[in-house]
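Contents: one structure, followed by commentary.
The values are calculated or read from the model by the stated rules, or taken from the named source; none is laboratory data. None of these values were measured; they are calculated from a predicted model. Cβ sites come from the backbone with ideal geometry, for glycine too, and all protein chains shown count toward neighbours. Quick note on the areas: whole protein, heavy atoms, side chains included, nothing else; ligands and nucleic acids left out. Shrake-Rupley method; radii C 1.70, N 1.55, O 1.52, S 1.80 Å.
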Amino acid sequence: MGENISDYSQNIVDLRRHMWMDGVEVELRRLIWQIAVVGKYISAKIHESNRKLAGFKNIYGEEQLALDRVSDDILKSKLHHSGFVSHYASEELDDIVAIGNGKEKYIVTADPLDGSSLVDTNLAIGTIIGIHKNSIFDCGRNSMVAALYITYGPLITMIYSAGKGAHEFVLDREGEYVLSEENIRLKEKGSIFSPGGLRRDWTDAHLKFIDKLESDGYKLRYSGGFVPDINQVIIKRGGLFTYPALKKSPQGKLRLLFELQPMAFIVEQAGGRATDGKEDILSLKVASVNQRAPIYIGSAAEVAMAGEFLSQSL
Ligand code: AFP
C-alpha cells in the first residue's frame, strides 16, 4: 500500500548490489558481472540464430551448432579483455588456453552453450561457468572459488555462488539481473528424478536404485539439457539428477570440469550433494580437460541412497 516507483527501485537488489552486500571480493564480482553480461549477448544470438546449423565438430566428434562456437567466441573475447582471467578452458576447445598475461587471479572453465542440440526443439538451454584460482588440475574443492549458470528459457535466469550460498537472479525487461531467490536451500529429500542414459546400458546397481525411486513415487523429469534439469531440482528445492556410469562407458557422459564441478559447487552451497556414486565430485582430481565422471546430484537423501545401492554391488 502506498508504494511508489522509487520505493520499488530502492527495494530491487540487482546482481552487482547483491555481490557487494555479500562481500564478494571486488575482482571476482566484476568477473561474475561480466560473465552475466555475456549471457545477455548469448541469449541475443540464440534469438537471432533461427535454428541455423553449421557442421562443425568439437573435440568429442560431436556435430555442433554455430551457436556453440559463437557463444564460445563471445565469452573468450570478453574474458580476454577483462583483466581478471589468465586462462580459459572450454568444452569447445581442445585444451586450456592462456588469454591473459599470466598475472591475473582467475581461470575460467565454460560450457558456453550446453544442450545446444535442443535449440531446434525450443527447450531451455544454458551456460555453465566455473571460476578457479591457481590451477584447474586439482580437485574442485581446492581450486574453485565460484560458479554460475544461466538458463535460457521462457525467462533468463542466473544462479551464482561465490561460496556464500546460492542465489537466483532473473533478467528483467530493463536488462538488469534482479534478485529473485536468496540463499536457496534444498530439502533433505525431494520428489523428482532426472535419469540420463539408456536403461539397457545401466549397471544392475544403478537400475535397482532407479527402480527404488520409481517405486517410492518419484516423478520423472528429464529434458536432455543438464542446465534446465539441474535448475528444476534446485528451484523445486530437491530431487535428483543422475548421468551414471554406463556398461560401455564407465565414466558416464558428462564432463567433470565444464559441467559437473560448477553444478556440484552450486548444489553444495544450496545444501545438497554431488557424487560420482562414491566420492564427492569436488574431491575428484582433474587430470585432463576432457575428463568425464558419473554423477548423482541433488538432495542429500537421494545422493546418499544412490551411494548405498552402488556400494552393495561391490
Ligand atoms: P548437447 O549439448 O549435445 O545437447 O548435450 C547435452 C548434454 O551434455 C547435457 O546437457 C545433458 O544432460 C546430456 O547431454 C543429455 O544426454 P542424453 O542425450 O544422452 O540424454
**Spans of strands (runs of 3 or more DSSP E) in region 79-171 with at least 3 residues of a type in the set (Val, Ile, Thr)** = 106-114, 125-133, 144-152, 156-161
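Name the residues in region 168-183 that are out of contact with any strand residue (DSSP E or B) (no Cβ under 6 Å at 6 or more places or on another chain) and either within 15 Å of TYR218 (Cβ to Cβ) or open to solvent by less than 50 Å² (accessible area, probe 1.4 Å) (or both), would you?
Within region 168-183, GLY175 is the sole residue that qualifies.
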**Asked** Of all residues in region 147-161, how many are small (Gly, Ala, Ser), in contact with a helix residue (DSSP H, G or I) (Cβ under 6 Å, 6 or more places away or on another chain) and either open to solvent by 20 Å² or more (accessible area, probe 1.4 Å) or within 13 Å of LEU257 (Cα to Cα) (or both)?
**Response** 1
**Item:** Every residue from region 221-268 that is within 11 Å of the ligand (Cβ to nearest atom) and of a type in the set (Val, Ile, Thr)
**Value:** VAL227, ILE230, THR242
**Prompt:** Do we have any residue at all in region 229-252 that's in contact with a Leu (Cβ under 6 Å, 6 or more places away or on another chain), part of a helix (DSSP H, G or I), of a type in the set (Gly, Ala, Ser) and in contact (Cβ under 8 Å) with a residue 60 or more places away in the chain?
**Reply:** no
**Message:** Condition first: more than 10 Å from the ligand (Cβ to nearest atom) and under 19 Å from the mean Cα position of the chain (by Cα). Now tell me which residues in region 97-122 satisfy that.
**Reply:** TYR106, ILE107, VAL108, THR109, ALA110, PRO112
**Item:** Long-range neighbours under 7 Å by Cβ, at least six apart or interchain, first residue in contact (Cβ under 8 Å) with a residue 12 or more places away in the chain within region 72-94, second part of a strand (DSSP E or B) and surrounded by fewer than 21 Cβ atoms within 10 Å (Cβ to Cβ)
**Value:** SER86/ALA98; HIS87/VAL97; HIS87/ALA98; TYR88/VAL97
